[in-house]
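All of the numbers you see were taken from the coordinates with simple rules; none came from a lab. These numbers were taken from a predicted model, which means no experiment stands behind them. For neighbour counting, all protein chains shown are included, and Cβ atoms are generated from backbone atoms with ideal geometry for every residue, glycine included.
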Amino acid sequence: MVPKIIWVLLPLSMYAVYVAVLVWRGRAPSQLALNVQTSLLLIAYLLTTASLGVFWVANQQLPVFDWHYLFGYSTLLLVSVHLVFNLPLVLRWLRHQPQQPAGNVKRGGALTLGKAAALVAALGAAFFLGTRQGASELSFRWTEAADAKSGPADAVIRYHEFSSESRSSVFKRAPGVEWGTPPPTFKHYPDVPRVALERGKSGAHGLSDALRAAVPREHRLRLAELGELLYLTAGITERRGGTALRAAPSSGALFPSELYLLLRAVDGLPAGLYHYDPEHHRLDLLGPVPATAAATASATAVTTAVTTFGAPQADDADAVVVLTAVFRRTGYKYRNRAYRYAVADAGHLLENLRLAGHNAGMQARLVARFDEALAAKTIGVDGVEEGVLAIMDLRRAAARAPSDAGPSRERFVAPPAPADTSIGVTGMVQRATSLRLAPDDVEANSIALPPPEPAAQDVHHTITHRRSKRRFLAEPVPLTTLSSMLADMALPPQLSNAVRINLVVNRVAGLQPGVYRYLPQHALVRVRDGEFAAAAQSAALSQDVIGDAAVVLILSADRERMLAEGPRGYRHAYLEAGMIGERWLLGAVARGLAACPVGAFYDDEAAALIGVDSRHQWALHFAALGWSAEDRK
């Protein structure tokens with residue numbers, strides 16, 4: 001496939017060859033001719049750029065969230081002014097074709113070509129220096145430790161500081177990783193057996209009930225139910241503008257997550273290791289279990305395979321799901337912030353998996369401690385370009401509850417410093433996080449919320465109809481609805497107790513505008529009074545979807561609690577935030593509202609907005625909520 005840059009430069013290259021041929025033949029164009037011809041090229045490039053921009057904004061509703069775009073549009077404005085001044089000259093030249101005296105042609109043309117060459121050389125040098133110097137060569141201490149708790153926490157802290165955005169950060173550094181072109185959206189295994197999956201409904205339970213517990217079942221999971229479970233987790237629910245949108249949202253619709261499954265108790269499917277292919281909604285068989293073990297469902301054979309994940313807690317589960325991230329899918333666009341987005345995306349997907357599992361009568365539990373290197377080796381990935389982020393086990397809800405004993409914490413130690421730096425600080429923080437619950441403070445003067453009302457809409461409809469909406473009406477959200485959504489979100493943590501729920505309330509009936517923090521006693525405490533819609537929009541890189549929302553969810557994490565379990569806590573906090581954020585999105589759909597997650601924001605302004613010290617509490621995630629203007633057309 002021809003790289004995009006070649007197509008972009010082709011017209012300019014052809015024109016350069018044309019001018020070079022004229023000069024070689026002694027017919028160098030005049031300065032006026034060069035001015036007109038390059039102006040025509042400029043018009044063509046301007047119209048093409050503007051047309052593509054309008055098309056993608058109209059279809060994808062992409063917000064302007066980076067300084068690069070601001071400088072780009074400012075440049076286009078200046079270029080437009082230049083064309084306005086030159087347009088009369090261009091028209092006169094096209095009508096009359098004026099010629100300069102022969103004696104001045106070569107000298108003027110050669111001088112102009114020299115200036116153009118010098119300008120190109122200067123721009124090339126600036127580009128080289130900008131992309132190669134001051135890059136993401138992050139200095140950090142990799143703390144060698146005998147346990148996970150005191151592992152390389154400094155690497156995590158430095159990464160978060162380095163990947164944080166502010167209005168001046170763009171001037172301080174440029175990306176140092178050669179991310180290249182994005183890898184394929186879907187991962188394929190062309191030479192392995194495949195199993196087609198169905199999409200039949202596995203249950204019609206209300207969202208609120210399914211969020212809290214699995215429906216009891218005694219029989220094994222059926223193949224059709226597995227197909228529905230995977231479809232609701234990561235399946236393609238809509239195609240739009242050439243993009244395959246999934247059941248779980250992803251920053252920039254890049255979908256870095258991949259799912260691998262070790263299945264031991266599914267009717268109609270041999271036990272073995274599989275990869276889920278969402279493009280074709282099928283399973284790729286990566287490691288078949290020997291026929292005798294498959295026929296007898298030998299626990300010994302399968303336990304050996306499960307243990308190679310480095311997660312003995314999941315040895316007796318009916319199914320084990322390993323979630324990985326192909327970091328370059330996100331990194332080529334979001335650069336050093338890619339890890340944040342990839343892990344938050346994983347959290348969204350894991351919440352869908354947990355919810356779909358409960359809907360099918362399978363208890364879903366995240367495994368907090370496991371060995372990434374062993375898991376990566378088992379599923380056949382390199383662990384760097386594609387890294388293991390999470391493991392979740394599924395077991396029949398009526399079966400024996402999993403033991404919490406598991407291996408002692410001392411079995412897991414901090415890994416050594418990464419040797420492979422191909423993806424820079426993204427790989428560093430993934431390696432650093434590769435390995436406690438304190439009671440929440442009771443706040444005085446808290447505001448009790450009304451009793452929540454369970455959402456009755458079934459899980460299948462809720463997940464398949466979730467889409468991000470970016471335009472909201474000016475109508476308030478009922479307080480009971482907000483209370484019900486918060487109750488659904490505030491479930492016992494799966495991985496991290498460091499995540500906090502903060503709200504910027506703009507339009508909620510019965511609640512004064514301001515900034516609030518949610519308490520586990522199902523109450524709110526007011527942090528700041530006043531109108532903060534503009535401040536929230538500014539903190540979210542001036543995205544209208546945040547400024548127009550009735551309520552803005554801001555998830556934050558207490559740094560001390562996050563890192564109490566070592567660097568592993570950083571990953572756990574983002575996964576937990578992604579799962580909580582997905583409950584916010586699904587809760588909105590189930591109650592007829594609209595919601596939209598936002599990953600781009602200025603970290604320092606976000607912390608100031610919710611009234612915390614950014615050195616001790618980190619903002620992780622934004623999401624908007626309101627009544628959809630799109631649905632009222």
Could you work out the Kirkwood radius for the range 537-608, taking every pair of different alpha carbons, averaging 1/r and inverting it, reported in Å?
13.6 Å
Would you mind ranking 275, 522 so that the residue whose beta carbon has the fewest other beta carbons within 10 Å leads the list?
522, 275
Ranked by how many other beta carbons lie within 10 Å on average, peptides 11-24, 28-41 from highest:
28-41, 11-24
So if we plug the beta-carbon distance of residue 21 and residue 166 into 1/(1 + (r/R0)^6) with R0 = 30 Å, what FRET efficiency do we get, rounded to 0.05?
0.05
For residue 509, other-chain or 5+-apart residues with amide H closer than 5 Å (H placed, Pro excluded) are 477, 479
Summing +1 per Lys or Arg and -1 per Asp or Glu among the other residues with Cβ less than 12 Å from residue 536's Cβ gives -3
What ranking do 475, 605, 582 get, fewest neighbouring Cβ atoms within 10 angstrom at the top?
475, 605, 582
Estimated vicinal HN-Hα couplings, Hz - the range 317-326 in sequence order (Karplus 6.51, -1.76, 1.60; Gly, Pro = x)
6, 5, 8, 10, 10, 10, 9, 10, 10, 8
On full extension of the chain, what length is gained from residue 41 through residue 244, given 0.36 nm per residue of separation minus the C-alpha to C-alpha distance?
69.6 nm
If the cut-off is 12 Å between C-alpha atoms, which aspartates and glutamates fall inside it for residue 187, apart from same-chain ones fewer than 8 positions away?
258, 277, 279, 284, 386
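Which value, in Å to one decimal place, does the Kirkwood hydrodynamic radius take for the range 447-632 when every pair of different Cα atoms is included?
Roughly 16.4 Å, rounded to one decimal.
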Could you work out how far apart the two model spin labels at residue 6 and residue 218 are, taking each label as a point 7 Å from the Cα in the direction of the beta carbon, and quote it in nm?
6.5 nm
